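Take a look at the structure below.
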Amino acid sequence: MDVLHGLVNGMKVSDEKVHCDYAGDPTRSSELIINSKKPFNAETPGGILVKHFVTPVDLFYVRNHGPVPEIDPKTYEFSVSGLVGQPFKMSLAELQDSANHVTISATLMCAGNRRNELKDIKPVKGVGWEIGAIGNAEWTGVPLRDVLEKAKIDLNNPRLHVEFVGEEDCEEITKYGSSIPLSKAMDPKGDVILAWAMNGKPLSRDHGHPLRAVVPGFIGARSVKWIKEINIIDGESQNRFQQKDYKLFLPSVDWDKVDELWDKSVPISWLAVQSAICQPQNNEVIPKDQPYSIKGYALSNGSRIVRVDVSLNSGKDWQVADIVHQDKQEQKGWENRYWSWSLWTLNVDKFPSPCTVVCRAWDICSNTQPENAASIWNLRGVMNNAWHRVNVKGA
Ligand code: MTE
């Protein structure tokens, strides 16, 4: 193994990394925008995102930290152990026979989505993403709570977490692992599932074949792929992807100050309210006074998106966009389970090019997005949900 030490954007990188072997990685759609080849990280172009409420699997963003493992579903099994009365192992077939199958429509979004806008302010460490580290899918599996019920866990212990560990060896010299509170895992309205299918087909290798967690409303990092272990633990996972990544710090905290702060900062779990303009793209040319449809997405952490505001003059005046596609959960009597994004459109009769288009969303709790990315800049470049701005050129 070849250990790498180095500088990223001129900053010291304290973490050791190894070169992994990517020769066995699957082939991918040429329509994805590649942000890193090894490990493979690629996003969906904005224009494609807004074409589908359910993102096609081959166009769904991929966020890997190492090579994609090749797992035979016939011999595959995962373990459930740790602070349980009854540890066990389960094969995929046993899992599929063990409980009722459910299909959950849920958006996954990487905490690093829109990192490039933070990079433009001041360098940050991490794979660069525009607005496409997000996708919405229909996930089929069994509720995690049904599996955990067999393990005889002390459900009255509020400290317990459910840790998922993946199969693959990551560049960061560890297995990928992450945890969620037991309360989220056991909540019948939390909709956490162990999924083997995406959009009606077995998971593709990039998206976790044969089994992954889907944790609706949480950052994508918690939806662990290629599950090898499920551990019931006291407190949060000690895995680096829980402890030394996906944490928020003040804009004033830089790499020389962060060491003593990692342990004091709470790992990110729930998503914040977010929206982005997918059409037009930055620096696109739109002839002045032409009719044009501005399109984008918005989501929160299960709370319904109730309004998306769009400005054609850098945020001075606003118009309300039409929400054209959204979960139908309210009709089923569900509340705060809007796990899928909302797609929105604003039709403009005479587009005022050149101009700066801005969007911001509101959820049912009246949460909205901060105006400026600079106020939420953080050294890992995560959770950028500032107003999204797109510059349009005239012709
Ligand atoms: N699980 C494993 N085992 N390894 C990973 O690298 N990446 C996480 C999560 N689960 C990851 C993982 C991150 S950061 C995200 S955003 C989502 O998977 C991305 O899921 P996707 O690649 O299916 O879009």
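The values are calculated or read from the model by the stated rules, or taken from the named source; none is laboratory data. Bear in mind the structure is a predicted one, so any value in this text is a computation, not a measurement. Reconstructed Cβ throughout: ideal geometry from the backbone, glycine too, with neighbour counts over all protein chains shown. Remember, those area values only see protein heavy atoms, side chains included, never the ligands or the DNA or RNA. Shrake-Rupley method; radii C 1.70, N 1.55, O 1.52, S 1.80 Å.
For this structure, a couple of remarks:
- Tally of residues being open to solvent by less than 10 Å² (accessible area, probe 1.4 Å) and over 18 Å from the mean Cα position of the chain (by Cα) across segment 277-301: 3
- Some residue of segment 248-271 being in contact with a Cys (Cβ under 7 Å, 6 or more places away or on another chain) and assigned to a strand (DSSP E or B): no
- The residues of segment 26-67 that are within 21 Å of L299 (Cα to Cα) and among the basic types (K, R), listed by number, are K51, R63.
- Number of residues in segment 69-91 that are open to solvent by less than 20 Å² (accessible area, probe 1.4 Å) and touching a Leu at 6+ places or on another chain (Cβ under 9 Å): the value is 3.
- Matching entry among Y246, Y292 (being outside the structural domain of K175 (by TED's automatic domain parsing) and aromatic (F, W, Y)): Y292
- Single residue of segment 47-68 satisfying the filter (open to solvent by less than 20 Å² (accessible area, probe 1.4 Å) and out of contact with any Phe, Trp or Tyr (no Cβ under 9 Å at 6 or more places or on another chain)) that is nearest to G208 (Cα to Cα): F60
- Among the residues of segment 335-347, none qualifies, meaning not one is assigned to a helix (DSSP H, G or I) and not assigned by TED's automatic domain parsing to the domain that holds W129.
- Residues within segment 360-378 that are among the aromatic types (F, W, Y) and open to solvent by 70 Å² or more (accessible area, probe 1.4 Å), tallied: 0
- Selected residue [in contact with a Gly (Cβ under 6 Å, 6 or more places away or on another chain) and within 16 Å of the ligand (Cβ to nearest atom)] from L118, L108, L144: L108
- Residues in segment 118-139 that are open to solvent by 10 Å² or more (accessible area, probe 1.4 Å) and closer than 23 Å to A374 by Cβ: K119, D120, I121, K122, P123, K125, G126, V127, G128, E130, I131.
- Flag if R380 is among the basic types (K, R) and touching a Phe, Trp or Tyr at 6+ places or on another chain (Cβ under 9 Å): yes
- Residue in segment 306-314 that is more than 29 Å from K184 (Cα to Cα) and out of contact with any strand residue (DSSP E or B) (no Cβ under 7 Å at 6 or more places or on another chain) present: no
- Scope segment 121-141; condition of a type outside the set (G, A, S) and within 16 Å of the ligand (Cβ to nearest atom); matching residues: V124, K125, V127, W129, E130, I131, I134, N136, E138, W139, T140
- One residue stands out in segment 217-276 among those that are aromatic (F, W, Y) and over 27 Å from I153 (Cα atoms): the one that is most open to solvent (accessible area, probe 1.4 Å), namely W255.
- Entry remark, segment 39-73: residues being within 13 Å of the ligand (Cβ to nearest atom) and without any contact (Cβ under 8 Å) to a residue 24 or more places away in the chain number 1 in total.
- Selection status of V162, more than 14 Å from the ligand (Cβ to nearest atom), among the β-branched types (V, I, T) and surrounded by 23 or more Cβ atoms within 10 Å (Cβ to Cβ): yes
- Per the listing T107, T103, the residue uniquely surrounded by fewer than 18 Cβ atoms within 10 Å (Cβ to Cβ) and within 30 Å of P188 (Cβ to Cβ) is T103.
- Selection from segment 219-249 of residues that are away from the ligand (no atom under 13 Å from the Cβ) and in contact with a Leu (Cβ under 9 Å, 6 or more places away or on another chain): N231, I232, I233, D234, G235, K247, F249
- The number of residues in segment 243-285 being touching a Gly at 6+ places or on another chain (Cβ under 7 Å) and farther than 27 Å from V390 by Cα comes to 0.
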